[in-house]
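Let me begin by presenting the structure, written as structure tokens, before commenting on it.
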Amino acid sequence: MSNENSVVIERTLDAPIDLVWKMWTEAKHFQAWYGPQGASIPVAEMDVQVGGSRLICMEMETPNGPMKMWFAGEFTEVTPTSRLVYTDGMSDENGNLKSPEEMGMPPGPSSTEVIVELEPADSGTKMTMTHVGVPADSPGAMGWNMALDKLEAHLAN
């Protein structure tokens with residue numbers, strides 16, 4: 001896997017591994033932190049099992065007014081409290097994948113892969129999040145860092 005075409009973020013979170021796992025796998029927790037600053041997640045449907053689907057709606061204000069973006073994918077690996085792998089792509093509200101070009105964005109893959117690895121650490125949980133198919137220097141990388149900042153703040157509450 002090339003790091004140029006992947007966002008890789010490691011963080012040590014001050015929370016038990018079971019709780020960090022829930023942040024990624026339970027809709028009410030996922031909705032509380034996912035997305036960049038200013039985004040909200042009104043819909044998070046996640047059937048967390050191999051072959052299970054996920055459908056996420058992200059809302060945010062833009063200079064042109066409110067915008068909704070839908071993302072869909074499938075869980076491909078679920079090892080409770082240690083490893084979660086899922087596909088992720090832009091979609092319509094019914095979960096039908098759309099190409100970036102169909103969404104008015106530059107050409108790119110219709111689907112990417114997110115890998116979340118958790119392991120116990122002295123002060124909590126070491127989390128490594130890899131988003132394969134999103135360049136490390138892209139706006140997506142910045143969005144992930146903002147989302148993970150929100151995750152840390154949510155865990156602190």
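Grab every C-alpha pair in the chain, bin the distances at 5 angstrom width from 0 up to the longest one, and report whole percents.
2, 9, 17, 24, 24, 15, 6, 2, 1, 0
Hey, for a label at GLU93 modelled as a point 7 Å past Cα toward Cβ, could you say which residues of the stretch 30-50 have their backbone N under 19 Å away?
What the label zone holds, given the 19 Å backbone N cut-off, is 40-46.
Sum up the charges of everything whose Cβ sits under 9 Å from the Cβ of PHE75, counting Lys and Arg as +1 and Asp and Glu as -1, but leave PHE75 out.
Value of the local net charge: -2.
Treating the beta-carbon of each Lys and Arg as +1 and of each Asp and Glu as -1, no other charges, what is the dipole magnitude of the stretch 1-142 about its Cα centre, to the nearest 20 debye? Display every interim value, and only then the final one.
Numbers: 8 positive and 21 negative charges, 35 e Å.
Charge dipole, the stretch 1-142, about its Cα centre: 160 debye, nearest 20.
Between ASN157 and ILE9, what is the spin-label point distance in nm, taking each point 7 Å from the Cα along the Cα→C-beta axis?
1.8 nm
For the chain, please report how many Lys pairs fall under 23 Å Cα to Cα, leaving out neighbours fewer than 8 apart on the same chain. Walk me through the numbers before you get to the answer.
Numbers: LYS22/LYS126; LYS22/LYS150; LYS28/LYS68; LYS28/LYS126; LYS28/LYS150; LYS68/LYS98; LYS68/LYS150; LYS126/LYS150.
Number of lysine pairs found: 8.
Using a cut-off of 11 Å between beta-carbons, work out the net charge of the residues near THR87 (Lys and Arg +1, Asp and Glu -1, THR87 not included).
Details: positive: ARG54; negative: GLU74, GLU77, ASP88, GLU113.
Result for the neighbourhood of THR87: -3.
With the contact rule set at Cα under 8 Å and sequence spacing of 6 or more, what percent relative contact order holds for the chain? Don't skip to the end; give the middle numbers.
On the way: 354 pairs, mean separation 46.0, N = 157.
Relative contact order of the chain: 29 percent.
Taking R0 as 41 Å, what FRET efficiency do you get between ASP137 and ASP18 from their Cβ-Cβ distance, rounded to the nearest 0.05?
Step by step, r from the Cβ atoms, then E = 0.75.
Counting Lys +1, Arg +1, Asp -1, Glu -1, what net charge surrounds ALA27 among other residues with beta carbon under 12 Å of its beta carbon? Kindly include the intermediate steps, with their values, before the conclusion.
Working: positive: LYS22, LYS28, ARG54; negative: GLU26, GLU45, ASP47.
My count for the surroundings of ALA27 gives 0.
Here, each number is a calculation from the coordinates, and none is a lab measurement. Quick caveat, the model's predicted, so the values are computed rather than measured. Methodologically, a virtual Cβ is constructed for each residue, glycine included, from the backbone with ideal geometry; neighbour enumeration extends over all protein chains shown.
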